[in-house]
Amino acid sequence: MRLSWKIGGPTCAVLVFSLCLLGFLNVHKFEQLLDGLATARVRVTAADSKAAIEQSLALGLPLADLQNIQSAIDRARSFDAEIVAVLVVDLDQARGEILYASGPGPTRVPAPWQALQARAGHGGWHHLDASGHLLMGWPLIDPLDRVVGMLVFDVLRQRHAAMIDDAAAHLARVVAALSLVLAAATAIAMWRLLAPVERSLERAALIVAGDDSTAPQSDIERLALDFRHAVDGTAPPDASRAAEPSQA
Amino acid sequence: MTTKTLVGHGSQIARRTVLVSGVVMGVVALALAIYSVLLFEQWLAPEVDAKSRAVARSLQLSIDRAIGHGIPFAELQGMDAFLGAAIDENQELHAIAIVDATGTVLFSRTQAGAASSTREVRQALAAAPGAVVLSVRADYARNKLLEVLIDTAIVLFVALLLAFELLPYIVNRGLGNRLDSLAAVLATASGRDFAVRIGDRASGALGRLIDLCNAKLAAQGDATRVRLHRATAPTDIRVPMFIFVLAEQLCTSFFPLYVRNLYAPIPGLSEQAAIGLPIALFMLFVALGTMFGGGFIGRAGAVRVFRWGVAIAAAGYLGLALAHNIYDLLLWRILTAIGYALSTLACQAYVAEITTPKNRTQAMSVFVGAVMVASVCGAAIGGVMADLVGYRGVFGGALLLALLALFTFPTATGADEQRREQEATSLRAVYRILATDRGFAAVMLLAAIPAKLLFSGLVYYLTPLYLGHLGHDTATIGRSIMLYYLPMAFAGSFTAWLADRYQLRLSLVVAGGTIAGLGAIAAPYLQGLPAVVVAMASLGIGQVLATAATFSLALAVGDTAVRQVGQPNALAAIRVLERIGSVAGPLLTGSLIAVAGYEKTLALLGGIVLVCALLLPFALRSTPRGSAA
C-alpha cells in the first residue's frame, strides 16, 4: 500500500469523523432551540388557562363543579393548531380522573395520579412520549395552596420532527460535500508530503540492490549507500556515520 | 547526522500532517457553521413570530378581562409592572405597546439595549378599540444561533486536540517508527555489525527496502547472533494513555448528578456527603493503587499490568452504566479507580523502561501532556454526550474507549526489556522519614493538600451539582470544567521551566495558591455560571503556576529526608500524599454545601487555600532549611 494512502486514509477518516460530529451537534442544537421555542409558546397559552382555572378555584368550589373550565381549555386549544388536546385531571377528590377534556387527544391520564402529584411538587413538567406527542403539565393550586388538579397539554410534534428531519437531511448533504472537499484536500496534502519520501525509499532500495546509476539525494539514500558498501565490502564505511541503534 | 535526521523524519511529517489537517479542518468547519446558522435561521424566525403571537394574545386576554370588569381602557392600573414582567420573560421582545383606536400609545415598555431591526406583531383587543403591539427582535433567532458558532468553535478545538493526538500516532505507526528502525539498523551495519535485523514489517516501498536490507544482512552469515531491532518511543504510549484517560474523564461533568439520581440514604452521612463519597473513594483507591501497584509492575511487566488495569476499569464502567443504587455504584467506582491507578502506573513504567535517566523527564512530559489534553477533551465531550445519550450511555462510551486503549498499547516494551531496580527502602519508612521532615510536611500541608482539596471539591463535585441545580446542561458544565484543564494542558511545561530557571519555587506556590483562593472567594459576589467560570479559570491558572513548583519546593526544603529515601520515592510519596486533599475535597465540600450553600462553600474552600498559601513562607522560615526555598 502506498504511504500516502496508508497515512492519508486514517488521517482523512479522523477529519471526516470530526466533521460528521460537528454536523450532528449542529442538528442537535437546532432541535434544542426549536423545542425551546415550541414549549415556550405552549407555556404562554397554558399560563392563561391555568390562571383562569385558578381564579375560578378562588371562589371556593371544587374543581369538578367549575363551569368555565371547558370553555377555557377549548379556547386554549383553538389558539394553537399543534395543541391536539387539553385535559384537566383531578388530583383531589376523584384522583386520576379526567374532569375536562378538549380535543381528540388521549382519553386516558398520561401517568398514574401519584406520579402526577409527585410531578406537581416540581411545578411544570414535560415529557415526550413514544408516539411523538409532547405532554406538558402544570399543577392547579387552590387558594389553600393545595394541588387539586393537573392541567395537561398534548402537543403534536410532527411538524417539528419533519423540520428536524429536513434540517438533518440538508446538513447531511452539506457534510457529505464538505467531506469530499476535505478528503481531496487531505489526499493532495498527503501526496505532496509523502510522495518525496516514497520516491526516496524506492531509490534507496535501488541503491541497496546495487544500482550505481542512482545518485543518493537524501539522508536515507546516503545511508543505503553506506550500508551497501559495508555489506558488499566494496568501500570502507565512514566511521563517523556508524552509530548505535537509537532507543528514542 | 544521517541517522538523527532520519529518526526525526517521522515527527516532522507528523507535525506537517497536523498543521495541514488543522488548517483544512478549520476552514471546512467554519463553512459548515456559517451554513448551519443561515439555514436554521430561516426555520426559526417563523417559530419566534408564532411564540410572539401567543404572547400578544395572552396580553390581549388579560387586558380584555380587566376592561370586562368595568375599568376604563385608558385608566388601567399596574400596566407598567405587567408589561415589564412580560418583556422580562420573553427575551425576543424589544418593546410592547398598548395603543388605542387612533394609534396613540397608552402604555408601553421597552427592553434595555437597542435593537438593530424589529418585526411588528399586532393583536386587536376585543373589549375596547385598541391593540397590543409587539416589536420582535429580528436578530433574536440569529443571536440564539450564534451559540451554534460558539459550540462549533469549542467542538472544533476539541476535535483538533483529538486529531493532534491521533495523527502523530498514525504517522509514527505507519512510517516514523519503521524509518527509525531502518536508519538504526543501516547505521549499525555500516559499522560492520551485521547481526542486527529490522524487526518491523511494512508494505510498499518501505517494505521492499526493509526486506532487501534484511536479505543482504542474512547473506552475511552468522545467523546465531541475530538480534531484531524494533524502534520504540515514549510517544507510543501517548495514544493508549490519552484514550484511557479520555474514557475516565468523560463522566467528570455529570458524575455527582448521576450519583444523586441513584442516591439511597447511607447511615451517618448527609445526602451531600453521600454524593461526594464515590468521588472520595475513587481518589482514595487511585492513591492506594499508586502506592501498592508498583510491585505488580515489577513482577508482571507494564504490558500485562496495563491489560489488567483496562480490564478492571472496563468492568467498572459496565457496572456504572448498569448501576441500581449508590451502594453498587460505590463498588464499580472503586473498580474504575483501581483500573485507572494500574493503567497509569503501567504507562509510566513503560516510559521508564524505554528511556534512560537522561531523557526520562522529557519522556514523562509526553505522558503528563496526554493526561492533560485527554482531561480537556473528556470533560467537554462527556458533557455533550450526556446531553445526547444520557449518563448511562456515556459510561458505555467510556467502556468502548477503554477497550480501544487496550488495542493501541504497544505489545512489547522494546528491544531491551529491562526491569527497573526495586527500591530497597520500604514504603512505611519512606513516609515516616518524609513526614517527620518539617519543611517537607509544611509544603504538603499548606500547598499540595489544600490545592487538591479545592481541585476535587470544585471540579469533580461542586461544579456539576451547582450548575445542574441552576439548570445548565451537561455540555455547559463540561465546558466550564474544561477551563481548569486548559492552562494545565498548555502552560504546564512553561511554568515548570520558569520554576527551575529562576528558582521561583516558593513565589510560584504562594502566587498560585493566592490566585486559586481569590477566584473561589469571589463566588458569592459573582453567583451562578460567572462564579464557576472565574473560580475554575483561577484554579487552572493558580495550579499551573504552583503544581511543578510545589514538587520542586518539597524536594528542596526536605532535602535531607529526600536524599535518605531517594528522589523517585519522594516524588511518588508527594503524589500519594497530595491525594489526601483529593479524598477530603468532595466529602468536605458536600458537608459544607449542606450547611452553607454552594457559593459560600466555594468561598470557604478558596479561603482555606488562600490562608494556607500565605502561611507557607512563615512556616518555612521557621524550618532549619527554609532558605532552600
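See the values below:
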| quantity | calculated |
| --- | --- |
| Cα centre as origin, Lys/Arg/Asp/Glu Cβ charges: the stretch B:144-274 dipole, Debye | 660 debye |
| Rg and Dmax of the protein assembly as shown, Cα atoms only, in Å | 33.6, 117 |
| Relative contact order for the stretch B:438-571, counting Cα pairs under 8 Å that sit 6 or more residues apart, in percent | 33 percent |
| Potential lengthening between A:ARG95 and A:ASP232 on full extension [0.36 nm per residue; Cα-Cα distance subtracted] | 39.5 nm |
| All-pairs Cα distance distribution in chain B, expressed in whole percent, bin size 20 Å | 16, 41, 28, 11, 3, 0 |
| Kirkwood Rh, angstrom, the stretch B:494-548 [1 / mean 1/r, Cα pairs] | 11.4 Å |
| Principal semi-axes in Å for the stretch B:457-604 [√(5λ), Cα gyration tensor, largest first] | 31, 17, 13 |
| Alpha-carbon Rg with Dmax, taken over the stretch A:49-109, Å | 11.5, 33 |
| Calculated P(r) tail over 27 Å for chain A, as whole % of Cα pairs | 61 percent |
| Range of Cα positions in the stretch B:119-173 per principal axis (Å), largest first | 79, 14, 9 |
| Backbone HN-Hα couplings from phi across the stretch B:489-494 [Karplus 6.51/-1.76/1.60, Hz, Gly and Pro as x] | 6, 10, 10, x, 5, 5 |
| Distance between modelled label sites at A:ALA64 and B:GLN42, nm, 7 Å Cα→Cβ extension | 5.5 nm |
| Per-selection Kirkwood Rh - the stretch B:91-187 (Cα, Å, 1 d.p.) | 18.8 Å |
| From the C-alpha gyration tensor of the stretch B:198-328, square roots of 5λ in Å | 50, 17, 11 |
| Longest to shortest principal axis, alpha-carbon extents of the stretch B:1-134, angstrom | 98, 25, 21 |
| Cα gyration tensor category, rounded, prolate or oblate, for the stretch A:170-218 with a/c compared to 1.5 | prolate |
| Compactness index (Cα Rg / 2.2 N^0.38 Å), the stretch B:579-620 | 1.30 |
| Cα-centre dipole for the protein assembly as shown with unit charges at Cβ (Lys and Arg positive, Asp and Glu negative), debye to 20 | 2700 debye |
| Net length gained if the chain between B:ARG15 and B:LEU404 were fully extended (0.36 nm per residue, minus Cα distance) | 137.6 nm |
| Prolate/oblate/rounded call for the stretch B:517-599, Cα gyration tensor, a/c under 1.5 rounded | prolate |
| The stretch B:141-184: Cα Rg divided by the 2.2 N^0.38 Å rule of thumb | 1.98 |
| Cα-centre dipole for chain B with unit charges at Cβ (Lys and Arg positive, Asp and Glu negative), debye to 20 | 2320 debye |
| Positive-end residue of B:VAL305, B:ASN261, B:TYR35, charge dipole of the protein assembly as shown with Cβ unit charges | B:VAL305 |
| Low-density loop positions, chymotrypsin sites (Phe, Trp or Tyr not before Pro), the stretch B:231-303 - DSSP coil, at most 16 other Cβ in 10 Å | B:TYR263 |
| Equivalent ellipsoid semi-axes - Cα gyration tensor, the stretch B:139-281, angstrom | 53, 25, 9 |
| Rg to Rh quotient for the stretch A:1-101, alpha carbon positions, Kirkwood Rh | 1.45 |
| Per-residue ³J(HN,Hα) for the stretch B:454-462, Karplus 6.51 cos²θ - 1.76 cosθ + 1.60, θ = phi - 60°, Hz, x for Gly and Pro | 5, 4, 6, x, 7, 6, 8, 10, 5 |
| Selection from A:ALA204, B:GLY70, B:PRO240 lying farthest towards where the dipole of the protein assembly as shown points positive, charges on Cβ | A:ALA204 |
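Read-outs: derived from the displayed coordinates by stated rules, not from any lab. Being a predicted model, the structure only gives us computed values, none of them experimental. Cβ atoms come from the backbone with ideal geometry, glycine included; neighbour counts cover every protein chain shown.
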